[in-house]
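Trainee: Here you go, one structure.
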Amino acid sequence: MVDIDVVVVGAGQAGLSSSYFLTRAGIDHVVLDRSPRPGGAWQFRWPSLTLGAAHRVHDLPGLPLGVADTARPSSEVVSEYFAAYERTFGLPVRRPVEVRAVREGAGGRLAVETAAGDWSARALVNATGTWDRPFWPRYPGQETFRGRQLHTAGYTRAEEFAGERVVVVGAGASAVQLLMEIAEVAAGTTWVSRRPPVFREGPFDEEAGRTAVARVDARVRAGLPPGSVVGATGYPVTPRVRAAMAAGVLDRLPMFDRIVPEGVVWDDGRSAGADVILWATGFRPAIGHLAPLGLREPGGGIRVEDTVAVRDPRVLLAGYGPSASTIGANRAGRTVARHVRRLLAGPLAA
């Protein structure tokens, strides 16, 4: 087992920001990333999600993204940017390394078990995001459906749906983006969601941003599952969205009640035939490896205050809850480093 001061789990925006500030503070640490290459979750995004169509990617601390071609896939642009960032600052990233579990270790330390050996750390920064935990709702009859079901995590390109009848489930940004793409080639689309979608007219100002973040922050302070910062902001009404609305593509129906072999049905007698059901139902925090520490509250989430897990201050969560946006992840990195400095100067200091 290798002794180290801090283990950072994940090399997405939050993990890289944390590593940058830990490096500046001279804190011995390692970043363990399960992905095959730099880019965090961005490397897995579908090619049609161009940089211009994606939610804004904020600059990582110390190295601006600069002027990038907004017509290029965001997966390519962001992956190249993250790779350059790791090289520029010599960040101690190791990949691919999967963290299997974090347990109580000897002498008040944390034991970090991985597929590539174990680490003993005085503190752990969890920056795993959500991409590895796509959420699949369960509905009656789901197993009887004769068509294809997939989650947005498995989406690649609209052409796969050419000539098919597609039901898109979800009210978030991914649902809107993919629905508009698929409608151009599909035989027909049906949009359903549990809650009505929220569209936003005009610019998204700082006050609206603070309100959205505060809403999520209140949830994690109460020990509830965090929800999405981006989801709380609403989807901007662009010219493309207006055109889709006018064409009826974004006419949304309430959630169906059952799935049948040939499609979906509602209890009021309505039905929609389908060859594909696309679950654009979001993701959940990838925190299963923290389960041995017993950090979850009765509400189902981890109670976090200013990135610190209330049940165990040796564990910090970056990119969780209010810091899940790209700008929030950057700020979390600075906060994480400040708390780690205090922790290492405390009773466990050598």
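The values are calculated or read from the model by the stated rules, or taken from the named source; none is laboratory data. On a predicted model such as this, the values are computed, not experimentally measured, just so you know. Note that each Cβ is placed from the backbone with ideal geometry, even for glycine, and that neighbours are counted across all protein chains shown.
Trainee: Quick one: how many residues across region 129-150 are loosely packed, with under 15 Cβ neighbours inside 10 Å and on the phi > 0 side of the Ramachandran plot?
Mentor: 1
Trainee: Also, quick follow-up: Residue under question is P36, and the condition is that it be loosely packed, with under 13 Cβ neighbours inside 10 Å, closer than 26 Å to A291 by Cβ and not small (G, A, S); does it hold?
Mentor: yes
Trainee: Taking the criterion of being surrounded by fewer than 17 Cβ atoms within 10 Å (Cβ to Cβ), of a type outside the set (A, V, I, L, M, F, W, C), in the same structural domain as A121 (by TED's automatic domain parsing) and in contact (Cβ under 8 Å) with a residue 12 or more places away in the chain, would at least one residue in region 16-27 satisfy it? Spell out how you get there, then give the answer.
Mentor: Pass one, region 16-27, residues surrounded by fewer than 17 Cβ atoms within 10 Å (Cβ to Cβ): 24-26.
If we keep only those that are of a type outside the set (A, V, I, L, M, F, W, C) too, we end up with 24, 26.
Subsequent filtering for residues that are in the same structural domain as A121 (by TED's automatic domain parsing) retains 24, 26.
Next, from what is left, pick out any that are in contact (Cβ under 8 Å) with a residue 12 or more places away in the chain: 24.
The answer is yes, given that some residue of region 16-27 is surrounded by fewer than 17 Cβ atoms within 10 Å (Cβ to Cβ), of a type outside the set (A, V, I, L, M, F, W, C), in the same structural domain as A121 (by TED's automatic domain parsing) and in contact (Cβ under 8 Å) with a residue 12 or more places away in the chain.
Trainee: Which condition does L16 not pass, out of (1) assigned to a loop (DSSP other than H, G, I, E, B); (2) touching a strand residue (DSSP E or B) at 6+ places or on another chain (Cβ under 8 Å), if it passes all the others?
Mentor: For L16, the exception is condition (1).
Trainee: Could you please tell me which pairs satisfy a Cβ distance under 7 Å, a separation of 6+ or placement on different chains, a first residue in region 74-85 that is touching a residue at least 60 places away in the same chain (Cβ under 8 Å), and a second residue that is surrounded by fewer than 22 Cβ atoms within 10 Å (Cβ to Cβ)?
Mentor: Here the result reads Y85/L63, each pair linking region 74-85 to a residue that is surrounded by fewer than 22 Cβ atoms within 10 Å (Cβ to Cβ).
Trainee: A further question follows. Would you check if L49 is crowded, with 16+ Cβ neighbours inside 10 Å, in the same structural domain as S323 (by TED's automatic domain parsing) and in contact with a strand residue (DSSP E or B) (Cβ under 8 Å, 6 or more places away or on another chain)? If you could, list the steps in order and put the result at the bottom.
Mentor: Working: crowded, with 16+ Cβ neighbours inside 10 Å: yes; in the same structural domain as S323 (by TED's automatic domain parsing): yes; in contact with a strand residue (DSSP E or B) (Cβ under 8 Å, 6 or more places away or on another chain): yes.
In short, yes.
Trainee: Test of understanding: among A212, A218, A175, A153, which residue is at pLDDT below 95, in a helix (DSSP H, G or I), surrounded by fewer than 17 Cβ atoms within 10 Å (Cβ to Cβ) and not assigned by TED's automatic domain parsing to the domain that holds A332?
Mentor: Numbers: A212 fails: surrounded by fewer than 17 Cβ atoms within 10 Å (Cβ to Cβ); A175 fails: surrounded by fewer than 17 Cβ atoms within 10 Å (Cβ to Cβ); A153 fails: surrounded by fewer than 17 Cβ atoms within 10 Å (Cβ to Cβ).
None of the other options fit; the residue is A218.
Trainee: Filtering region 264-309 down to residues that are free of Cβ contacts under 8 Å to residues at least 40 places away in the same chain and hydrophobic (A, V, I, L, M, F, W, C), which residue is surrounded by the fewest Cβ atoms within 10 Å (Cβ to Cβ)?
Mentor: Out of the qualifying residues, it is W266.
Trainee: Also: Give all pairs with beta carbons closer than 8 Å in which a residue from region 89-104 that is acidic (D, E) meets a residue that is in a loop (DSSP other than H, G, I, E, B) and crowded, with 17+ Cβ neighbours inside 10 Å; count only pairs at least 6 apart in sequence or on separate chains.
Mentor: E98/R34
Trainee: Also: Consider only pairs whose beta carbons are under 9 Å apart and that are at least six residues apart or on different chains; among these, list those whose first residue lies in region 330-343 and is closer than 14 Å to V7 by Cα and assigned by TED's automatic domain parsing to the domain that holds A25 and whose second residue is surrounded by fewer than 17 Cβ atoms within 10 Å (Cβ to Cβ) and basic (K, R).
Mentor: Partner pairs satisfying both residue conditions: A337/R24.
Trainee: How many of the residues in region 117-137 are farther than 28 Å from A280 by Cα and either of a type outside the set (D, E, K, R) or assigned to a helix (DSSP H, G or I) (or both)? Even if it seems obvious, please write down each step before you answer.
Mentor: At the first step, the residues of region 117-137 found to be farther than 28 Å from A280 by Cα are 117-125.
Next, only the ones that are either of a type outside the set (D, E, K, R) or assigned to a helix (DSSP H, G or I) (or both) stay: 117, 119-121, 123-125.
Count: 7.
Trainee: Exactly one of these conditions fails for W46: (1) part of a loop (DSSP other than H, G, I, E, B); (2) of a type in the set (F, W, Y); (3) closer than 30 Å to A291 by Cα. Give me its number.
Mentor: W46 satisfies every listed condition except (3).
Trainee: Follow-up. Of G227, G223, which residue is in contact with a helix residue (DSSP H, G or I) (Cβ under 9 Å, 6 or more places away or on another chain), modelled with pLDDT under 95, not in a helix (DSSP H, G or I) and not assigned by TED's automatic domain parsing to the domain that holds A329?
Mentor: Answer to the check: G227.
Trainee: Where residues in region 114-150 are without any contact (Cβ under 8 Å) to a residue 24 or more places away in the chain and of a type outside the set (G, A, S), which of them is nearest to V9 (Cα to Cα)?
Mentor: R138
Trainee: Also, I was wondering about something else. Can you tell which of T130, T88 is more than 29 Å from H151 (Cβ to Cβ) and of a type in the set (V, I, T)?
Mentor: Numbers: T130 fails: more than 29 Å from H151 (Cβ to Cβ).
Exactly one of T130, T88 is more than 29 Å from H151 (Cβ to Cβ) and of a type in the set (V, I, T), namely T88.
Trainee: Would a scan of region 106-116 turn up a residue that is modelled with pLDDT under 95 and not in a helix (DSSP H, G or I)?
Mentor: Yes: one or more hits.
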